[in-house]
Each structure stands twice: as C-alpha cells, then as structure tokens.
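The values are calculated or read from the model by the stated rules, or taken from the named source; none is laboratory data. Everything numeric in this text was worked out from a predicted model, so none of it was measured. Note: ideal-geometry Cβ built from the backbone for every residue, glycine included; neighbour counts use all protein chains shown. Accessible surface is based on the protein model in full, side chains and every heavy atom, while ligands, DNA and RNA are left aside. Shrake-Rupley method; radii C 1.70, N 1.55, O 1.52, S 1.80 Å.
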Amino acid sequence: MTQEERQLLLVDLSARLPYGVKVYVGDDLAMTLRQIDYKCFCESWENEDFKSHSRWKLSYLRPMSSMTEEEKEEYCNLQDKFLCSSQYPVTDAYELFDWLNKNHFDYRGLIEKGLALEASEGMYK
C-alpha cells in the first residue's frame, strides 16, 4: 500500500467516523469503528506484520450504484442545491459529502482500489 493510499484511507475513515462505519476485523466479522488513533494508525502501517493484515484497511461501503430510487432523488436534489445553484455558496457543498458519508457510499472509488469491501445489503439498516 502506498503512502497516498494510506492517507486516502485515513481521510476517508476519519470523515465517516461519526456515522458508524463498519470495518473488517477478520474471520468475516465487522465492527463499528469508534475512534482512530492517528499515531497508532500511521505507525502500524510501517510494521511489516500489520501490512499483511487487512484489519484497518477494509471498511464496508456501499457502491454508488446501490442507491435506492429514493436515495437517488435525495442525492440529485443535494447536487442541484449545492453544485448548480448560485443561491448556495460552494463552501456549503460539504452537506453533500456528509450525506454520502452518512449513507456509507463509496464516492472515492475505494472498493475498486481494494481499500474497502462492498457492504452487504442491509448492513447499515
């Protein structure tokens, strides 16, 4: 895993922390991530034994393609509101990303990069 991938993972997990993101802990078990110790996280990636263990790197995310029709409508409304309207400053667009994080969507392509697992249907209900 490259330094860029580690940084991307740390940024993504940190943004999802308030929303109860689930992470792989081995033996096909998942747990809700409650905190990230930045120093431990960074030092752990330097440890060769840890690199071969996927405990930290695999969060469970929903592909963008898994949006329900209701979610698609809400997402499109948020996009229109923040990205296509001069009424709202671009600085308010964080609400769009908060919504994506809250609903556990993989808008960074982490699943395709091997940095996340696809959440099973109903995992975040």
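Of all the residues in segment 104-119, those that are surrounded by 14 or more Cβ atoms within 10 Å (Cβ to Cβ), assigned to a loop (DSSP other than H, G, I, E, B) and in contact (Cβ under 8 Å) with a residue 60 or more places away in the chain number 5. If Q79 meets every condition in (1) closer than 20 Å to K113 by Cα; (2) open to solvent by less than 60 Å² (accessible area, probe 1.4 Å); (3) at pLDDT 80 or above; (4) not hydrophobic (A, V, I, L, M, F, W, C) apart from one, which number is that one? Status for Q79: all satisfied but (1).
Just one of the numbered conditions (1) at pLDDT 85 or above; (2) assigned to a helix (DSSP H, G or I); (3) surrounded by 12 or more Cβ atoms within 10 Å (Cβ to Cβ) is not true of Y24: (2). Candidates in segment 27-59 are the residues that are closer than 18 Å to K102 by Cα and open to solvent by 30 Å² or more (accessible area, probe 1.4 Å); of these, the one that is modelled with the highest pLDDT is T32. For a quick check of your reading of the model, give me the residue pairs whose first member lies in segment 1-21 and is of a type outside the set (F, W, Y) and at pLDDT below 90, whose second is surrounded by 12 or more Cβ atoms within 10 Å (Cβ to Cβ) and part of a helix (DSSP H, G or I), with beta-carbon atoms closer than 6 Å and at least 6 apart or on different chains. Once the first residue is of a type outside the set (F, W, Y) and at pLDDT below 90 and sits in segment 1-21, its partners that are surrounded by 12 or more Cβ atoms within 10 Å (Cβ to Cβ) and part of a helix (DSSP H, G or I) give R6/W45.
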